[in-house]
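The values are calculated or read from the model by the stated rules, or taken from the named source; none is laboratory data. These numbers were taken from a predicted model, which means no experiment stands behind them. Virtual Cβ from ideal backbone geometry, glycine too; neighbours counted across all protein chains shown. Accessible surface is based on the protein model in full, side chains and every heavy atom, while ligands, DNA and RNA are left aside. Shrake-Rupley method; radii C 1.70, N 1.55, O 1.52, S 1.80 Å.
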Amino acid sequence: MISNQILQDTIDGIKAITRIDLCVMDTEGKPLASTLDAVEEYKEAVLVFAESLAESQMLQGYQFFKVFDENQLEYIILVKGETDDVYMIGKMAAFQIQNLLVAYKERFDKDNFIKNLLLDNLLLVDIYNRAKKLHIDVDVRRSVFIIETQNDKDNNVFETVRNIFSTKTRDFITAVDEKNIILVKEVKNGEGYPELNKTAEAIVDMLRTEAMTKVRVAYGTIVSEIKEVSRSYKEAKMAMDVGKIFYPENNVVAYNRLGIGRLIYQLPLPLCKMFIKEIFEGRSPDEFDEETLTTINKFFENSLNVSETSRQLYIHRNTLVYRLDKLQKSTNLDLRVFEDAITFKIALMVVKYMKYMESIEY
(Lines give C-alpha, C1' and ligand atoms only; values in the text may rest on other atoms or scores of the structure.)
Protein backbone atom coordinates (compact mmCIF):
# COMPACT_ATOMS: atom_id res chain seq x y z
CA MET A 1 0.00 0.00 0.00
CA ILE A 2 2.88 2.36 0.78
CA SER A 3 4.98 3.15 -2.29
CA ASN A 4 8.65 2.13 -2.30
CA GLN A 5 9.58 5.78 -2.75
CA ILE A 6 7.82 6.71 0.49
CA LEU A 7 9.60 3.87 2.30
CA GLN A 8 12.94 5.00 0.86
CA ASP A 9 12.33 8.61 1.91
CA THR A 10 11.43 7.42 5.41
CA ILE A 11 14.54 5.36 6.03
CA ASP A 12 16.74 8.00 4.37
CA GLY A 13 15.37 10.45 6.91
CA ILE A 14 16.00 8.07 9.78
CA LYS A 15 19.57 7.48 8.62
CA ALA A 16 20.18 11.21 8.26
CA ILE A 17 19.21 11.65 11.92
CA THR A 18 20.76 8.53 13.46
CA ARG A 19 23.54 7.62 10.99
CA ILE A 20 22.34 4.02 11.17
CA ASP A 21 21.74 1.98 8.01
CA LEU A 22 18.38 0.27 7.50
CA CYS A 23 16.58 -1.89 4.96
CA VAL A 24 12.87 -2.61 4.48
CA MET A 25 12.00 -5.99 2.94
CA ASP A 26 8.75 -7.67 2.09
CA THR A 27 7.78 -11.01 3.63
CA GLU A 28 9.51 -12.87 0.78
CA GLY A 29 12.87 -11.26 1.44
CA LYS A 30 12.76 -8.78 -1.45
CA PRO A 31 14.35 -5.38 -0.64
CA LEU A 32 11.86 -2.53 -1.05
CA ALA A 33 13.96 0.34 0.30
CA SER A 34 17.47 0.35 1.66
CA THR A 35 20.50 2.38 2.69
CA LEU A 36 22.53 -0.85 2.74
CA ASP A 37 24.37 -2.77 0.03
CA ALA A 38 24.14 -6.51 -0.69
CA VAL A 39 21.14 -7.19 1.53
CA GLU A 40 20.02 -10.06 -0.73
CA GLU A 41 22.29 -12.41 1.21
CA TYR A 42 19.94 -12.08 4.18
CA LYS A 43 16.93 -13.33 2.24
CA GLU A 44 16.93 -16.78 3.83
CA ALA A 45 17.31 -15.30 7.31
CA VAL A 46 14.39 -12.98 6.63
CA LEU A 47 12.18 -15.86 5.49
CA VAL A 48 13.01 -17.84 8.63
CA PHE A 49 12.39 -14.81 10.82
CA ALA A 50 9.06 -14.17 9.09
CA GLU A 51 7.89 -17.67 10.02
CA SER A 52 9.00 -17.35 13.63
CA LEU A 53 6.92 -16.03 16.52
CA ALA A 54 9.54 -13.46 17.50
CA GLU A 55 8.85 -9.78 16.77
CA SER A 56 12.55 -8.93 16.79
CA GLN A 57 15.81 -10.87 16.45
CA MET A 58 19.57 -10.30 16.29
CA LEU A 59 21.67 -12.09 13.68
CA GLN A 60 25.15 -11.59 12.17
CA GLY A 61 25.48 -7.95 13.21
CA TYR A 62 21.95 -7.01 12.23
CA GLN A 63 18.69 -6.68 14.11
CA PHE A 64 15.41 -7.78 12.50
CA PHE A 65 12.00 -6.25 13.25
CA LYS A 66 8.47 -7.05 12.08
CA VAL A 67 5.82 -4.53 10.94
CA PHE A 68 2.20 -5.68 11.01
CA ASP A 69 -0.95 -4.42 9.34
CA GLU A 70 -3.91 -5.57 11.44
CA ASN A 71 -2.08 -8.71 12.61
CA GLN A 72 -0.90 -9.42 9.07
CA LEU A 73 2.89 -9.34 8.62
CA GLU A 74 3.65 -6.66 6.05
CA TYR A 75 7.37 -5.75 6.26
CA ILE A 76 10.66 -6.88 7.78
CA ILE A 77 13.14 -4.17 8.83
CA LEU A 78 16.89 -4.82 9.03
CA VAL A 79 18.99 -2.44 11.10
CA LYS A 80 22.78 -2.61 11.09
CA GLY A 81 24.27 -2.92 14.59
CA GLU A 82 23.80 -4.89 17.80
CA THR A 83 23.69 -2.21 20.52
CA ASP A 84 20.69 -1.17 22.58
CA ASP A 85 20.66 2.16 20.77
CA VAL A 86 20.34 0.39 17.43
CA TYR A 87 17.52 -1.73 18.86
CA MET A 88 15.70 1.45 19.90
CA ILE A 89 16.20 2.95 16.42
CA GLY A 90 14.82 -0.23 14.85
CA LYS A 91 11.75 -0.13 17.08
CA MET A 92 11.20 3.53 16.21
CA ALA A 93 11.53 2.75 12.48
CA ALA A 94 9.01 -0.07 12.80
CA PHE A 95 6.66 2.26 14.70
CA GLN A 96 7.01 4.95 12.01
CA ILE A 97 6.25 2.56 9.15
CA GLN A 98 3.37 1.09 11.15
CA ASN A 99 1.87 4.57 11.42
CA LEU A 100 2.40 5.13 7.70
CA LEU A 101 0.45 1.94 7.01
CA VAL A 102 -2.45 3.18 9.13
CA ALA A 103 -2.42 6.63 7.52
CA TYR A 104 -2.27 5.32 3.96
CA LYS A 105 -4.93 2.73 4.62
CA GLU A 106 -7.24 5.40 6.04
CA ARG A 107 -6.59 7.60 3.02
CA PHE A 108 -7.30 4.67 0.71
CA ASP A 109 -10.53 3.90 2.56
CA LYS A 110 -11.61 7.55 2.35
CA ASP A 111 -10.74 7.67 -1.34
CA ASN A 112 -12.76 4.52 -1.98
CA PHE A 113 -15.68 5.94 0.00
CA ILE A 114 -15.63 9.26 -1.89
CA LYS A 115 -15.53 7.47 -5.27
CA ASN A 116 -18.55 5.31 -4.39
CA LEU A 117 -20.32 8.35 -2.98
CA LEU A 118 -19.83 10.29 -6.22
CA LEU A 119 -21.01 7.37 -8.35
CA ASP A 120 -24.13 6.70 -6.24
CA ASN A 121 -22.91 3.21 -5.32
CA LEU A 122 -23.89 3.46 -1.65
CA LEU A 123 -27.16 3.06 0.20
CA LEU A 124 -28.19 6.00 2.36
CA VAL A 125 -27.55 4.09 5.59
CA ASP A 126 -24.11 3.03 4.34
CA ILE A 127 -23.19 6.63 3.53
CA TYR A 128 -23.74 7.79 7.10
CA ASN A 129 -22.27 4.68 8.74
CA ARG A 130 -19.07 4.75 6.70
CA ALA A 131 -18.70 8.51 7.01
CA LYS A 132 -18.88 8.18 10.79
CA LYS A 133 -16.32 5.37 10.79
CA LEU A 134 -13.93 7.40 8.61
CA HIS A 135 -14.46 10.58 10.70
CA ILE A 136 -15.96 12.50 7.78
CA ASP A 137 -18.42 15.23 8.73
CA VAL A 138 -21.81 14.68 7.13
CA ASP A 139 -23.27 18.18 7.48
CA VAL A 140 -20.47 20.27 5.97
CA ARG A 141 -21.30 22.49 2.96
CA ARG A 142 -19.51 21.12 -0.11
CA SER A 143 -19.24 21.53 -3.86
CA VAL A 144 -17.72 19.19 -6.43
CA PHE A 145 -15.13 20.38 -8.96
CA ILE A 146 -14.13 18.41 -12.07
CA ILE A 147 -10.69 19.18 -13.48
CA GLU A 148 -10.33 17.83 -17.01
CA THR A 149 -6.77 17.31 -18.22
CA GLN A 150 -5.58 17.19 -21.81
CA ASN A 151 -3.82 13.85 -21.41
CA ASP A 152 -4.87 10.55 -19.85
CA LYS A 153 -3.28 9.61 -16.50
CA ASP A 154 -1.63 12.98 -15.98
CA ASN A 155 -0.09 12.20 -12.58
CA ASN A 156 1.73 15.52 -12.51
CA VAL A 157 -1.58 17.39 -12.52
CA PHE A 158 -3.07 15.05 -9.92
CA GLU A 159 -0.16 15.54 -7.53
CA THR A 160 -0.20 19.31 -8.03
CA VAL A 161 -3.89 19.46 -7.15
CA ARG A 162 -3.31 17.19 -4.16
CA ASN A 163 -0.52 19.43 -2.91
CA ILE A 164 -2.72 22.52 -3.20
CA PHE A 165 -5.52 21.07 -1.09
CA SER A 166 -3.76 18.40 0.99
CA THR A 167 -3.57 20.56 4.12
CA LYS A 168 -7.34 21.03 4.15
CA THR A 169 -8.65 17.96 5.94
CA ARG A 170 -12.23 18.40 4.80
CA ASP A 171 -11.31 18.52 1.09
CA PHE A 172 -10.98 15.30 -0.89
CA ILE A 173 -9.11 14.71 -4.16
CA THR A 174 -9.77 11.60 -6.22
CA ALA A 175 -10.24 10.35 -9.81
CA VAL A 176 -13.01 8.23 -11.28
CA ASP A 177 -11.67 7.98 -14.84
CA GLU A 178 -8.52 8.59 -16.89
CA LYS A 179 -8.83 12.30 -17.66
CA ASN A 180 -10.84 13.87 -14.84
CA ILE A 181 -9.62 14.78 -11.36
CA ILE A 182 -12.36 15.29 -8.79
CA LEU A 183 -12.15 17.79 -5.94
CA VAL A 184 -14.83 17.61 -3.26
CA LYS A 185 -14.30 20.95 -1.57
CA GLU A 186 -15.60 22.29 1.70
CA VAL A 187 -17.47 25.57 1.38
CA LYS A 188 -17.22 27.53 4.61
CA ASN A 189 -20.11 29.48 6.06
CA GLY A 190 -20.23 32.90 4.45
CA GLU A 191 -18.67 31.63 1.21
CA GLY A 192 -20.66 31.25 -1.98
CA TYR A 193 -20.34 30.94 -5.74
CA PRO A 194 -17.99 33.93 -6.18
CA GLU A 195 -15.49 32.12 -3.93
CA LEU A 196 -15.98 28.86 -5.85
CA ASN A 197 -15.30 30.66 -9.12
CA LYS A 198 -12.11 32.17 -7.67
CA THR A 199 -11.01 28.69 -6.59
CA ALA A 200 -11.66 27.30 -10.08
CA GLU A 201 -9.71 30.12 -11.73
CA ALA A 202 -6.86 29.63 -9.24
CA ILE A 203 -6.70 25.94 -10.16
CA VAL A 204 -6.49 26.76 -13.86
CA ASP A 205 -3.76 29.35 -13.30
CA MET A 206 -1.79 27.14 -10.89
CA LEU A 207 -1.75 24.14 -13.22
CA ARG A 208 -0.80 26.33 -16.17
CA THR A 209 2.14 27.68 -14.16
CA GLU A 210 3.32 24.67 -12.13
CA ALA A 211 2.23 21.65 -14.18
CA MET A 212 2.61 23.41 -17.56
CA THR A 213 -0.71 22.14 -18.79
CA LYS A 214 -4.11 23.54 -19.74
CA VAL A 215 -7.17 22.27 -17.96
CA ARG A 216 -10.89 22.96 -17.90
CA VAL A 217 -12.69 23.22 -14.57
CA ALA A 218 -16.41 22.78 -13.95
CA TYR A 219 -18.23 22.80 -10.64
CA GLY A 220 -21.70 21.98 -9.32
CA THR A 221 -23.95 23.67 -6.81
CA ILE A 222 -23.27 23.90 -3.08
CA VAL A 223 -24.86 21.06 -1.10
CA SER A 224 -25.31 20.95 2.66
CA GLU A 225 -25.36 17.19 3.33
CA ILE A 226 -22.99 14.44 2.35
CA LYS A 227 -25.75 12.42 0.67
CA GLU A 228 -26.14 15.27 -1.88
CA VAL A 229 -22.48 15.28 -2.98
CA SER A 230 -23.29 12.93 -5.88
CA ARG A 231 -25.80 15.50 -7.16
CA SER A 232 -23.17 18.22 -7.19
CA TYR A 233 -20.87 15.81 -9.07
CA LYS A 234 -23.52 15.14 -11.72
CA GLU A 235 -24.08 18.87 -12.07
CA ALA A 236 -20.35 19.43 -12.54
CA LYS A 237 -20.29 16.73 -15.23
CA MET A 238 -23.17 18.39 -17.04
CA ALA A 239 -21.47 21.77 -16.74
CA MET A 240 -18.31 20.32 -18.30
CA ASP A 241 -20.25 18.91 -21.28
CA VAL A 242 -22.46 21.95 -21.77
CA GLY A 243 -19.40 24.20 -21.55
CA LYS A 244 -17.69 22.28 -24.36
CA ILE A 245 -20.72 22.76 -26.59
CA PHE A 246 -21.76 26.35 -25.95
CA TYR A 247 -18.81 27.99 -24.17
CA PRO A 248 -15.66 26.35 -25.63
CA GLU A 249 -13.59 29.46 -24.96
CA ASN A 250 -14.22 29.29 -21.19
CA ASN A 251 -11.76 27.43 -18.95
CA VAL A 252 -14.16 27.62 -15.99
CA VAL A 253 -17.82 26.62 -16.20
CA ALA A 254 -20.33 26.78 -13.35
CA TYR A 255 -23.51 24.69 -13.34
CA ASN A 256 -25.59 27.54 -11.92
CA ARG A 257 -24.58 29.81 -14.82
CA LEU A 258 -25.30 27.48 -17.75
CA GLY A 259 -28.53 29.27 -18.62
CA ILE A 260 -30.58 27.95 -21.49
CA GLY A 261 -27.76 25.66 -22.61
CA ARG A 262 -28.57 23.38 -19.68
CA LEU A 263 -32.13 22.93 -20.94
CA ILE A 264 -31.08 22.31 -24.54
CA TYR A 265 -28.53 19.69 -23.38
CA GLN A 266 -31.36 17.61 -21.93
CA LEU A 267 -33.50 17.63 -25.08
CA PRO A 268 -33.78 14.41 -27.14
CA LEU A 269 -32.21 14.66 -30.60
CA PRO A 270 -35.45 13.84 -32.53
CA LEU A 271 -37.14 16.81 -30.85
CA CYS A 272 -34.20 19.06 -31.78
CA LYS A 273 -34.36 17.98 -35.43
CA MET A 274 -38.11 18.58 -35.49
CA PHE A 275 -37.63 22.08 -34.06
CA ILE A 276 -35.03 23.04 -36.67
CA LYS A 277 -37.14 21.63 -39.48
CA GLU A 278 -40.25 23.51 -38.37
CA ILE A 279 -38.54 26.84 -37.80
CA PHE A 280 -36.30 26.90 -40.86
CA GLU A 281 -38.21 24.52 -43.14
CA GLY A 282 -35.37 22.04 -43.37
CA ARG A 283 -32.58 24.59 -43.67
CA SER A 284 -29.99 24.71 -40.93
CA PRO A 285 -29.10 28.17 -39.53
CA ASP A 286 -25.39 27.34 -39.64
CA GLU A 287 -25.56 27.10 -43.45
CA PHE A 288 -25.52 30.89 -43.75
CA ASP A 289 -22.38 32.48 -45.14
CA GLU A 290 -19.62 33.75 -42.84
CA GLU A 291 -20.64 37.40 -43.21
CA THR A 292 -24.22 36.68 -42.17
CA LEU A 293 -23.17 34.55 -39.20
CA THR A 294 -20.73 37.22 -38.02
CA THR A 295 -23.46 39.84 -38.27
CA ILE A 296 -25.90 37.67 -36.31
CA ASN A 297 -23.44 36.85 -33.53
CA LYS A 298 -22.31 40.46 -33.15
CA PHE A 299 -25.94 41.61 -33.09
CA PHE A 300 -26.65 39.21 -30.22
CA GLU A 301 -23.47 40.24 -28.39
CA ASN A 302 -24.69 43.84 -28.41
CA SER A 303 -28.19 43.01 -27.14
CA LEU A 304 -29.88 43.73 -30.51
CA ASN A 305 -28.48 47.26 -30.62
CA VAL A 306 -28.26 48.27 -34.29
CA SER A 307 -26.04 51.32 -33.78
CA GLU A 308 -23.45 49.58 -31.59
CA THR A 309 -23.37 46.49 -33.82
CA SER A 310 -22.77 48.53 -37.00
CA ARG A 311 -20.02 50.46 -35.21
CA GLN A 312 -18.21 47.30 -34.11
CA LEU A 313 -18.57 45.75 -37.57
CA TYR A 314 -17.25 48.96 -39.19
CA ILE A 315 -20.27 49.15 -41.50
CA HIS A 316 -22.94 51.78 -42.07
CA ARG A 317 -26.15 51.42 -40.10
CA ASN A 318 -28.13 51.05 -43.33
CA THR A 319 -25.86 48.19 -44.41
CA LEU A 320 -26.67 46.34 -41.18
CA VAL A 321 -30.38 47.01 -41.65
CA TYR A 322 -30.13 45.65 -45.21
CA ARG A 323 -28.49 42.46 -43.93
CA LEU A 324 -31.17 42.01 -41.27
CA ASP A 325 -33.92 42.56 -43.84
CA LYS A 326 -32.31 40.00 -46.13
CA LEU A 327 -32.14 37.50 -43.27
CA GLN A 328 -35.79 38.14 -42.45
CA LYS A 329 -36.83 37.33 -46.01
CA SER A 330 -34.99 34.02 -46.01
CA THR A 331 -36.06 32.86 -42.51
CA ASN A 332 -39.23 34.83 -41.71
CA LEU A 333 -37.50 35.90 -38.50
CA ASP A 334 -36.76 39.55 -37.75
CA LEU A 335 -33.84 39.67 -35.31
CA ARG A 336 -34.87 43.19 -34.28
CA VAL A 337 -37.98 41.65 -32.71
CA PHE A 338 -37.16 40.11 -29.34
CA GLU A 339 -39.26 36.96 -29.78
CA ASP A 340 -37.77 36.21 -33.22
CA ALA A 341 -34.28 36.89 -31.88
CA ILE A 342 -34.82 34.41 -29.03
CA THR A 343 -36.05 31.77 -31.49
CA PHE A 344 -33.01 32.27 -33.72
CA LYS A 345 -30.58 32.21 -30.79
CA ILE A 346 -32.04 28.97 -29.47
CA ALA A 347 -31.90 27.47 -32.97
CA LEU A 348 -28.17 28.25 -33.21
CA MET A 349 -27.58 26.59 -29.83
CA VAL A 350 -29.69 23.56 -30.78
CA VAL A 351 -27.60 23.07 -33.93
CA LYS A 352 -24.40 23.22 -31.87
CA TYR A 353 -25.82 20.62 -29.49
CA MET A 354 -26.88 18.32 -32.34
CA LYS A 355 -23.44 18.51 -33.95
CA TYR A 356 -21.74 17.74 -30.64
CA MET A 357 -23.95 14.71 -29.95
CA GLU A 358 -23.42 13.38 -33.46
CA SER A 359 -19.64 13.79 -33.12
CA ILE A 360 -19.43 11.75 -29.90
CA GLU A 361 -21.62 8.99 -31.34
CA TYR A 362 -19.16 8.25 -34.14
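Here are some notes:
- Check on Leu78, closer than 30 Å to Ala38 by Cα, at pLDDT below 90 and either of a type in the set (Lys, Arg) or in a strand (DSSP E or B) (or both): no
- Among the residues making up region 14-73, those that are buried (at least 16 other Cβ atoms within 10 Å of the Cβ) and part of a helix (DSSP H, G or I) are Ile14, Lys15, Thr18, Val39, Tyr42, Ala45, Val46, Phe49, Ala50.
- Residue, modelled with the lowest pLDDT, within region 17-64, restricted to residues that are among the acidic types (Asp, Glu) and closer than 14 Å to Ala93 by Cα: Glu55
- Tyr314 at pLDDT 90 or above and either open to solvent by 40 Å² or more (accessible area, probe 1.4 Å) or under 40 Å from the mean Cα position of the chain (by Cα) (or both): yes
- Selection within region 291-329 - outside any helix (DSSP H, G or I) and touching an Asp or Glu at 6+ places or on another chain (Cβ under 9 Å): Asn302
- Tally, over region 184-201, of residues that are over 17 Å from Asp137 (Cβ atoms) and either of a type in the set (Val, Ile, Thr) or touching a residue at least 12 places away in the same chain (Cβ under 8 Å) (or both): 7
- Leading residue by the ranking (nearest to Thr199 (Cα to Cα)) among those in region 227-277 that are of a type outside the set (A, V, I, L, M) and outside any helix (DSSP H, G or I): Asn251
- Checked against the criterion of being buried (at least 16 other Cβ atoms within 10 Å of the Cβ) and over 30 Å from Leu22 (Cβ atoms), region 132-139 contains one or more residues that satisfy it.
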